[in-house]
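Down below is the structure, laid out as structure tokens.
What follows is calculated from the coordinates using simple rules that are stated; it is not laboratory data. What you see is a predicted model; the values in this text were computed from it and never measured. Reconstructed Cβ throughout: ideal geometry from the backbone, glycine too, with neighbour counts over all protein chains shown.
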Amino acid sequence: MESEFKTSFIPKKPIVEEKFERPRSVGLISFIGTVIFVASLVSAGAVYFYKVSLDTQIKSKGNQLKIAEERFDSNLVEEMQKLDRRINSARDVLSSHVVISPIFKALEEYTLRSISFTKFTYAFDPISQRVNVEMSGKATGYDAIALQSDALATNRYIKDPVFSNLNLDDKGKITFDLTFYVDPTFINFEDTLAREGTASMNTMETGSEMPITSDNGATQ
């Protein structure tokens with residue numbers, strides 16, 4: 001005889017439907033932080049590799065420079081340095097060197113026949129870099145002195161010519177003293193060389209003195 005087994009399942013609690021919760025999305029702040037972190041890593045790596053590359057280039061250039069130095073003769077380099085110093089010294093001397101031949105040339109060109117000079121004195125002023133000139137001479141008359149003053153005034157390098165101590169000598173001529181100064185560019189060696197070429201020039205010594213006489217009134 002077959003027995004029947006019957007069962008019934010009645011839950012003690014009501015069946016409740018389970019809900020599936022989706023994971024929360026990453027917040028905006030967390031995302032930004034992640035981006036910044038990754039960017040920092042990338043930047044740090046780039047800086048590191050750049051530094052390594054730069055160090056490599058510096059070492060390479062240093063090696064190239066060392067090789068180039070070894071190729072040069074040290075004695076030759078030393079001689080070239082000495083030559084450079086000599087050239088610079090010569091340039092400094094020439095730039096400060098003065099000559100008086102341009103003054104003589106100007107006096108020869110601008111002196112009238114009625115005027116003769118008997119004395120020429122010059123002195124170099126290191127402060128103003130100019131030559132102060134004092135001269136003595138004779139003229140056939142007062143009008144000749146006036147004309148001579150006008151003639152010297154037309155020379156742009158002769159500054160402030162002044163005639164003084166005018167006296168009549170026993171031969172009927174007028175004796176006088178003349179003072180003026182010369183523009184520094186007129187007696188500068190380099191400027192004079194540029195104007196006159198390589199003509200021979202008389203160098204000056206401060207306070208030197210020399211007489212100048214001329215029968216026809218022209219400066220010698």
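Quick one: which residues, 5 or more positions from K119 or on another chain, have an amide H under 5 Å from its amide H? H modelled 1.01 Å from N in the peptide plane, none for Pro or chain starts.
Those lying under 5 Å, H to H, from K119 are S136, I212.
Residue-wise, which Karplus ³J(HN,Hα) couplings in Hz belong to region 158-173, taking 6.51 cos²θ - 1.76 cosθ + 1.60, θ = phi - 60°, and x for glycine or proline?
Along region 158-173, the couplings run 8, 10, 6, x, 10, 9, 8, 6, 6, 9, 9, 8, 6, 9, x, 9 Hz.
Would you mind ranking R113, R156 by Cβ crowding within 10 Å, fewest neighbours first? Working shown, then result.
Working: R113 11, R156 8.
By the 10 Å Cβ count, ascending, the order reads R156, R113.
Sorted from fewest to most neighbouring beta carbons within 10 Å, what does the list D170, D160 look like?
Numbers: D170 5, D160 9.
Exposure proxy ranking, most exposed first: D170, D160.
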